[in-house]
1. Could you check the simple spin-label distance between S32 and M1, using points 7 Å along Cα→Cβ, in nm with one decimal?
2. Describe numerically, in nm with one decimal, the distance between label points set 7 Å from Cα along Cα→Cβ at L56 and at T348.
3. Output the relative contact order of region 75-363, whole-number percent, from Cα pairs under 8 angstrom with separation of 6+ residues.
4. Given Cα positions, please report Rg to Rh for the chain, the hydrodynamic radius being the Kirkwood one.
5. Carbon-plus-sulfur fraction of the accessible area of the chain, 1.4 Å probe, in percent?
6. Just the number please: accessible area per residue for the chain, 1.4 Å probe, all protein chains included, in Å².
7. How do the peptides 299-310, 134-145 rank, highest first, by the average count of neighbouring beta carbon atoms within 10 Å per residue?
8. In this model, which of K45/K346; K127/K159; K346/K377; K45/K147; K244/K346; K130/K159 are farther than 25 Å apart at the alpha-carbon?
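The values are calculated or read from the model by the stated rules, or taken from the named source; none is laboratory data. Only a predicted model underlies this, so the values are computations on that prediction, with no experimental measurement involved. Ideal geometry is used to build each Cβ from the backbone, glycine not excepted, and the neighbour counts take in all protein chains shown. We work out accessible area using only protein heavy atoms, side chains counted, and drop any ligands, DNA or RNA first. Shrake-Rupley method; radii C 1.70, N 1.55, O 1.52, S 1.80 Å.
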Amino acid sequence: MLALVNASQLVTLSGPARPRVGHELRELGIISDGGLLVRNGLIEKVGRSDEIMRGLPRDATIIDAERRVVLPGFVDAHAHPVFAGNRVDEFDLRARGATYEEIAHAGGGIQSTVRKTRAASEAELFKQAKRHAEWFLECGTTTVEAKSGYGLSLADEIKILRVIHELNGASPIEFVPTFLGAHAIAPEFRDTPQQYLDCLVNEMLPQVAAEHLAEYCDIFCEAGYFDLDSARRVLGAARQHGLKLRLHADQLTNNGGAMLAAELGAATADHLEQTGSDGIAAMHAAGVQPVLLPASVYSLGKSRYPRAREMIDAGLAVVLATDFNPGSSPTPSLQMVLSLAATQMKMTVAEGLSACTINAAYSLARGETVGSLEPGKLANFALHDCDDYRELGYWFGVSQTHSVYIQGEQVFQA
Ligand code: NIG
Ligand code: FE
């Protein structure tokens, strides 16, 4: 048995057993001078420190939070953590004035990471992904969605999904696998994109499903990548194989991606920088959760952020995530995302925290087990070096993570 006591604020995120909307996003269920009791990796009790200490068995291990803020482990609901190499050369080109779209058009972008990822062995990919997993832990993140999408051939996509499964055994983080074979048209099919769709639907999806390698299917629905009809075909097939749906929608242009997510009843529509009021209304009607990725807007040097306030006012169960990837968002830090959400999208840190814990958990069908500190849930929590939760979004460029626990075991200490 483990007892955590003396948290300046135990931010429980307790509340209704569903994603939070409207004013609920600001209600964090904070217990001042809080603590919790853990048995067999699960939270048994949450309360004030004196209530936790009362009647504690002699052999219980006590963690003194020393007046730090304690939060549920962050849940990152959109990430691309398995890839080879990096794209620092493109970052440099963008600093000299090139745009993401120009670089992609010239054969860089996603395709350049595909070339490196195909050339890497499963062991090499695993080694690099393990390092990324450590970065997530250092940031206080304990659940991470993990997309494939840098293979674009049957063998290479399977290789990436296997690495994600190996990571699940080798890292304490839970990785939730998503098949993103429709991230770009594979280079072999540049001039015959319909044939790549055939390959996705007839070869890749059946194999991914047969080997139970993914829970979700995603697609980059964007001009020059996959149009609405292609997305309907791929995601329709994915659903027939029992996969749930997520979409990269309306990132660079508004081509109706959010509307399509609503039409298909997807779990999430992600990015949404260009989505307007019609897309927002459609997502609300269909119960689609928007996943906002401000770090990718920032890192690409763009200025148009998604309309978070309008989405919250419309009653959407907003999620924040990193979009960790080598091209558009090389950060694993949800703390940085909280800062960007506050300064660029006018979301308070309270709203931001709900968005990257409990709401993110529900978007991954993990709302019953993680995302808040409530009895019966996994004892996944992090201590942060501050005494007011709002400092998480206020300080930036420095990690405040002090230590991280997953199922009651310490997995990181600064
Ligand atoms: O979410 N938009 C598509 N996919 C990624 C970028 C991938 C890359 O540039 O490697 C994103 O931003
Ligand atoms: Fe992405």
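1. Using points 7 Å along Cα→Cβ, the separation is 2.8 nm.
2. Label at L56, label at T348, 3.2 nm between them.
3. Numbers: 579 pairs, mean separation 51.7, N = 289.
In percent, rounded to a whole number, it is 18.
4. Working: Rg = 20.8 Å, Rh = 21.4 Å.
Over the Cα atoms of the chain, Rg/Rh equals 0.97.
5. Working: 7950 of 15660 Å².
Within the chain, the accessible surface is 51 percent carbon and sulfur.
6. Values: 15660 Å² over 414 residues.
Per-residue value: 38 Å².
7. Working: 299-310: 16.8, 134-145: 24.0.
With the highest mean Cβ count within 10 Å placed first, the list reads 134-145, 299-310.
8. Working: K45/K346 34 Å; K127/K159 13 Å; K346/K377 31 Å; K45/K147 35 Å; K244/K346 31 Å; K130/K159 15 Å.
With Cα atoms farther than 25 Å apart: K45/K346; K346/K377; K45/K147; K244/K346.
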